[in-house]
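A.B. asks: What follows is a single structure, and I will ask about it in a moment.
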Amino acid sequence: MTNPATPVQGPDRYVVFGNPIAHSKSPFIHARFAAQTGERIVYDHRLAPLDGFAPAVRAFIAEGGRGANVTVPFKLDAHALADTLSPRAAAAGAVNTLRFDADGRIHGDNTDGVGLVRDIETNLGVPLAGTRILLLGAGGAARGVVLPILDRAPLSITIANRTASKAEELVGQFMQAAHDAGCALAGGGAEVVRAEPYDVIVNATAGSLDAALPDCDPAAFGASTLAYDMMYGAQPTVFMQHAASLGARAADGLGMLVEQAAESFFVWRGVRPDGAPVLAALRQALASH
Ligand code: ATR
């Protein structure tokens, strides 16, 4: 029998905000994490109006929400809304994780970059220390991963972008951090790509969405290169197919999705779930559709 004087505490509530959002895999991932760790949470998806992100977040807080993930197109709105920012969210200029703290403040974090790094190092087994890395693209996705990659002490990062000036801007932003990490950082247009294999090539352009390949010297892909596309789908992306045709090992961004979720879970709960079994389940679900 429950004592009527003791209010029964329900599970803590989280959502992912986006527009569109119905097909988000985050509820599946977090339900698995909750089952795996025994944390009492429920996690749903929530459509926010394109011009109404902040009111949607405030409404969820008023309902007792404890935190949220944020996806396209609200990561900049979330950055603007947060009262406090983690250093990695400040550097990314974008927020994918909100935590609603007991003092009423909204904490903004960005777990995308750590998600990428953990997928590459843990799931794919490629330690980044001492490696030569080529980052294709200089938009929001690229900006968000530079600091977490630098944290792993690579030998060099080269940023190549269709619009050279945007790559040069990123180099300017991260030059000091790269210097502190002992990493050589350079960037510009496609001409900055060296004609010899990189250890890791990360496609952070939006090109895969419309099946466009970013301009890149084919000699950058070798037999020991990991070519990583941040995008994913049921089929290998054009970038992955291109990399494989040049003899490189290709990977998609499904593991990054799982690992950024694991890091968000950690930000909220202080418990770090194991991404690998959830990634395997998600991969199986993706293949059977
Ligand atoms: P995101 O937040 O996904 O990074 P973004 O900030 O709009 O989106 O950046 C998109 C990135 O993909 C940019 O680096 C863009 O290159 P430009 O800076 O030259 O626009 C790159 N991109 C998009 N379509 C591309 C294409 N067809 N070929 C090469 N690069 C492309």
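A.B. asks: Are any of the residues in the range 173-181 out of contact with any Ser or Thr (no Cβ under 7 Å at 6 or more places or on another chain), polar (S, T, N, Q) and either outside any strand (DSSP E or B) or within 16 Å of the ligand (Cβ to nearest atom) (or both)?
C.D. replies: yes
A.B. asks: Residues Leu128, Leu147: which one is buried (at least 19 other Cβ atoms within 10 Å of the Cβ) and assigned to a loop (DSSP other than H, G, I, E, B)?
C.D. replies: Going through Leu128, Leu147 in turn, the sole match is Leu128.
A.B. asks: Name the pairs whose Cβ atoms lie under 7 Å apart, with the first residue in the range 173-201 and surrounded by fewer than 18 Cβ atoms within 10 Å (Cβ to Cβ), the second among the charged types (D, E, K, R), and 6 or more positions between them or separate chains?
C.D. replies: Correct list of pairs: Ala190/Asp215; Ala195/Asp217.
A.B. asks: Exactly one condition in (1) more than 16 Å from the chain's Cα centre (by Cα); (2) part of a loop (DSSP other than H, G, I, E, B); (3) closer than 22 Å to Pro214 by Cβ; (4) of a type outside the set (Asp, Glu) is false for Ile133; which is it?
C.D. replies: Here Ile133 meets the rest and fails (2).
A.B. asks: Follow-up question, since we're still on this one. If we scan the range 234-246, do we find a residue that is within 10 Å of the ligand (Cβ to nearest atom), open to solvent by 10 Å² or more (accessible area, probe 1.4 Å), at pLDDT 95 or above and not basic (Lys, Arg)?
C.D. replies: No, there is no match, as no residue in the range 234-246 is within 10 Å of the ligand (Cβ to nearest atom), open to solvent by 10 Å² or more (accessible area, probe 1.4 Å), at pLDDT 95 or above and not basic (Lys, Arg).
A.B. asks: Can you tell me how many residues within the range 211-259 are of a type outside the set (A, V, I, L, M) and over 21 Å from Ala287 (Cβ atoms)?
C.D. replies: The total comes to 12.
Rundown of residues vs (1) touching a residue at least 60 places away in the same chain (Cβ under 8 Å); (2) in contact with a Phe, Trp or Tyr (Cβ under 8 Å, 6 or more places away or on another chain), yes/no style:
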position: Leu135; (1), (2): yes, no
position: Gly139; (1), (2): yes, no
position: Ala142; (1), (2): yes, no
position: Val146; (1), (2): no, yes
position: Asp151; (1), (2): no, no
position: Leu155; (1), (2): no, no
position: Thr158; (1), (2): no, yes
position: Arg162; (1), (2): no, no
position: Lys166; (1), (2): no, no
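A.B. asks: Further, regarding this structure: From the list Ala211, Ala280, Ala285, which one is small (Gly, Ala, Ser) and more than 29 Å from Gly67 (Cβ to Cβ)?
C.D. replies: Ala211
A.B. asks: May I pose another question? Given (1) closer than 15 Å to Leu226 by Cα; (2) touching a residue at least 40 places away in the same chain (Cβ under 8 Å); (3) more than 16 Å from the ligand (Cβ to nearest atom), where does Glu121 come up short, assuming only one miss?
C.D. replies: (2)
A.B. asks: Sticking with this structure for a sec: Here are some conditions: (1) more than 10 Å from the ligand (Cβ to nearest atom); (2) aliphatic (A, V, I, L, M); (3) outside any loop (DSSP other than H, G, I, E, B). Ala195 meets all but one. Which one does it not meet?
C.D. replies: (3)
A.B. asks: Thr158 is checked against (1) within 24 Å of Arg249 (Cβ to Cβ); (2) part of a loop (DSSP other than H, G, I, E, B); (3) not aliphatic (A, V, I, L, M) and fails just one. What number does that condition carry?
C.D. replies: With respect to (1) within 24 Å of Arg249 (Cβ to Cβ); (2) part of a loop (DSSP other than H, G, I, E, B); (3) not aliphatic (A, V, I, L, M), Thr158 is out only on (2).
A.B. asks: Identify, please: which residue in the range 202-227 is open to solvent by less than 10 Å² (accessible area, probe 1.4 Å) and polar (S, T, N, Q) and is, among those, farthest from the ligand (Cβ to nearest atom)?
C.D. replies: The selected residue is Thr225.
A.B. asks: Something else about it: Keeping to the range 134-190, report how many residues are over 24 Å from Val72 (Cβ atoms) and among the charged types (D, E, K, R).
C.D. replies: Qualifying residue count for the region: 4.
The values are calculated or read from the model by the stated rules, or taken from the named source; none is laboratory data. Note that the structure is a prediction, hence the values are computed from the model and not measured. Please note: Cβ atoms are built from the backbone with ideal geometry, for glycine as well, and neighbour counts cover all protein chains shown. Just the protein is used for accessible areas: all its heavy atoms, side chains included, with ligands, DNA and RNA removed. Shrake-Rupley method; radii C 1.70, N 1.55, O 1.52, S 1.80 Å.
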